[in-house]
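The values are calculated or read from the model by the stated rules, or taken from the named source; none is laboratory data. Quick caveat, the model's predicted, so the values are computed rather than measured. Cβ coordinates were reconstructed from backbone atoms using ideal geometry, including for glycine residues, and neighbour counts include every protein chain displayed. These accessible areas exclude ligands, DNA and RNA; they are computed on the full protein's heavy atoms, side chains included. Shrake-Rupley method; radii C 1.70, N 1.55, O 1.52, S 1.80 Å.
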Amino acid sequence: MNSLKLLSGVALAAALAACGTVGPNYKVPEQAVIKRPQAAAPFLGTAEAAYKSAPLPDYWWRLYDDPVLNQLIQQAFAANTDLRVAAANLARTRAVLDQAEEERKPEVSISAAPGVGRSSGVPIGSPKALPDKFNYDVGVRVSYQTDMFGKIARAVEAANADTQAAQAGVDLVRVTVAADTARAYADACSAVRQMAVAQQAVDLQQKFVALTDERTRAGRGTATDGARARSQLAQWQAALPPLQAQHRIAHYRLAALTGKTPQEMNMHLLQCQAAPRLTTQIPVGDGAALLRRRPDIRQAERTLAGATARIGVATADLYPSISLGASVGSTGLLDHFGAANATRWSLGPLISWTLPDTGSARSRIAQAEAGTDGALARFDGTVLNALKEVESAMTVYARELDRNAALKTARDESALASEQSHRLYQYGRTDFLSVLDADRTLAATDAAWAASDATLATDQIALFLALGGGWQQH
């Protein structure tokens, strides 16, 4: 018995000597990818003439100086359903944080229990039966969890990190919503431009069909020439319906993004004739600014911080849980309520400690440590993916610029060749197939150039999305 008491005393003394906040104190690990100097270096793509290392503005879509686009994005920020979901998740994590912080405060309980009865077992009606008595029990109890080993502090730390991660999640949704809205707007405007190009080709071909029919009636052409001209007209007419569908679908996407039904969306809002596109150098900043700005990186880092704090929560289970409590009250007969001899009180600690079975606690520590390792891996992956996305988006946009310039040259040359072919055909100095081929080439290069302009607009938006701009709160 004395040995058991001595062992218990030694164990308790060792536990008390270990008082403090258990578990690792969080800091970004030195081996994390974000700590590498190369991660913060200027982007490789800034060597392209299309870019400059100037800081990215907070609200990149304002660079287009398009009031309609600005209005649509503001409406999306106010009513988008994905943003509402993210805001609800943030509110939930804040409530969890409030709950964790409440554990630091004393708990007060009040009880009041009136009653009636007798304390004797003599049957009712017997002359020896005691009379019924009215009694009461009232009291106030105050208890306080002493956070000697930092379990509550680590729980609050973890909940606070979760809240910050949820805030970064809201910012991430804002980035996506802004980009999706701008992309839908650009698609609608690009469809208008491409429809105009296709309609111009149709109008030109209709005139050519009429000219061919006239030449056939005059004996200067054949029925085959007319059939070929009408076939090409039908092909160009077939290009219009998909573009009309693209234009209408872009409106529906904008409606959903701004929290409207298709019927509520103003179909006449978009009067643009071409997609918004910057023709100047695009500001991209550098890797260091990207790592600070991207919401998904901040979200992953805060998730890692929360996982690290949970190691301390699990480690605290190896040590005693100590509560301090005090109570005061009165118990007695109701007709003697408040009598001095009815008052009761108590004061003292409550120590709870499970020994020697610490296997489950150590298992929870191992789980928390594995969770932290996984969070670090996700954090590293998020950083690497962000850098990959930016460099890839910069490369795609720069090469599309080269392609667009070549297509414009091809279109201009095709327009010149088509004009000359028509003039020669009118005077009988070239055959019908040469004219048909020249017109087909012009229509194809004109459509390809318009499609490339649309691609450039979406590539710019994809780059701004990769750069992570637009998450700042208003």
- Once you have the Cα-Cα distance between ALA227 and ARG104, take 0.36 nm times their residue separation minus that, and quote the gain in nm to one decimal. 35.5 nm
- Task: Could you pull out every residue, at least 5 positions away or on a different chain, whose amide H is within less than 5 Å of the one on GLY332? Hs are placed 1.01 Å off N in the peptide plane, and Pro or chain starts have none.
- Result: TYR136
- Item | Inter-label distance, nm, simple model (7 Å from Cα along the C-beta direction), ALA47/GLU30 | 3.3 nm
- Query: On a 0 to 90 degree scale, rounded to 10, what angle separates helix 81-102 from the longest Cα axis of the chain?
  - Reply: 20 degrees
- Task: Rank VAL284, PRO295, ALA305 by how far each Cα sits towards the positive end of the charge dipole of the range 256-320 (+1 on Lys, Arg Cβ; -1 on Asp, Glu Cβ) and give me just the farthest.
- Result: VAL284
- Note on the structure: Answer in debye to the nearest 20: the dipole magnitude of the chain about its Cα centre, from +1 Lys/Arg and -1 Asp/Glu charges placed on Cβ, is 580 debye
- Message: What FRET efficiency comes out for SER327 versus VAL116 if R0 is 22 angstrom and r is the Cβ-Cβ distance? Round to the nearest 0.05.
- Response: 0.35
- Residue by residue, what Karplus-based ³J(HN,Hα) values in Hz, rounded to whole numbers, does the range 248-257 have, using 6.51, -1.76 and 1.60 with θ = phi - 60° and x for Gly and Pro? 5, 5, 4, 4, 5, 4, 5, 4, 5, 5
- Whole number please: convex hull volume per residue, Cα atoms of the range 238-327, in Å³. 309 Å³
- Message: Quick check: convex hull over the Cα atoms of the range 359-405, volume per residue in Å³, rounded to an integer?
- Response: 36 Å³
- Message: Whole-Hz ³J(HN,Hα) for each residue in the range 274-284, computed from phi via Karplus 6.51 cos²θ - 1.76 cosθ + 1.60 with θ = phi - 60°, x for glycine and proline: what do you get?
- Response: 7, 5, x, 8, 7, 10, 9, 4, 8, x, 10
- Query: Taking one equal scatterer on every alpha-carbon of the range 215-282, how large is log10 of I(q)/I(0) by Debye at q = 0.12, 0.28 1/Å?
  - Reply: -0.60, -1.15
- Query: Can you give the FRET efficiency for LEU269 and ALA40, using 1/(1 + (r/R0)^6), R0 = 41 Å, r = Cβ-Cβ distance, to the nearest 0.05?
  - Reply: 0.45
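Out of the total accessible area of the range 288-434 (probe 1.4 Å, heavy atoms of protein only), what percent is carbon and sulfur?
Numbers: 4610 of 8020 Å².
C and S atoms contribute 57 percent here.
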- Message: Compute the angle between helix 151-217 and the longest alpha-carbon principal axis of the chain, please, reported from 0 to 90 degrees and rounded to the nearest 10.
- Response: 20 degrees
- Message: Let's see if you can work this out: charge +1 on each Lys and Arg Cβ, -1 on each Asp and Glu Cβ, no other charges. What is the dipole magnitude of the range 419-474 about its Cα centre, in debye to the nearest 20?
- Response: 60 debye
- Under the rule rounded for a/c under 1.5, else prolate if a/b exceeds b/c, else oblate, using alpha carbon gyration tensor axes a ≥ b ≥ c, the range 127-234 is classed as prolate
- Item | Lysine pairs within the chain, Cα separation less than 27 Å, 8 or more sequence positions apart or different chains | 9
- Task: Scan [x] 1.01; [y] 1.29; [z] 0.95 for the value of Rg/Rh (Cα atoms, Kirkwood Rh) calculated from this model and give just the label.
- Result: [y]
- Item | Amide H contacts under 5 Å for TYR51, placed H, 5+ residues apart | ILE282
- What does the highest-first list of 105-111, 298-304, 389-395 look like by mean Cβ count within 10 Å? 298-304, 389-395, 105-111
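To the nearest 500 deg cm²/dmol, what mean residue ellipticity at 222 nm is calculated for the chain from DSSP H runs of n ≥ 4 alone, each contributing -39,500 (n - 2.57), summed and divided by the residues? Present the calculation step by step, with values, prior to reporting the outcome.
Values: 10 runs with 284 residues, N = 474.
So the helix-based figure for the chain works out to -21500 deg cm²/dmol.
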- Task: Return one number: the angle in degrees, 0 to 90 and rounded to the nearest 10, between the long axis of the Cα atoms of helix 432-467 and the longest principal axis of the Cα atoms of the chain.
- Result: 20 degrees
- Note on the structure: Residue by residue through the range 68-73, the couplings from Karplus 6.51 cos²θ - 1.76 cosθ + 1.60 with θ = phi - 60°, in Hz, x for Gly and Pro, are 5, 4, 4, 5, 5, 5
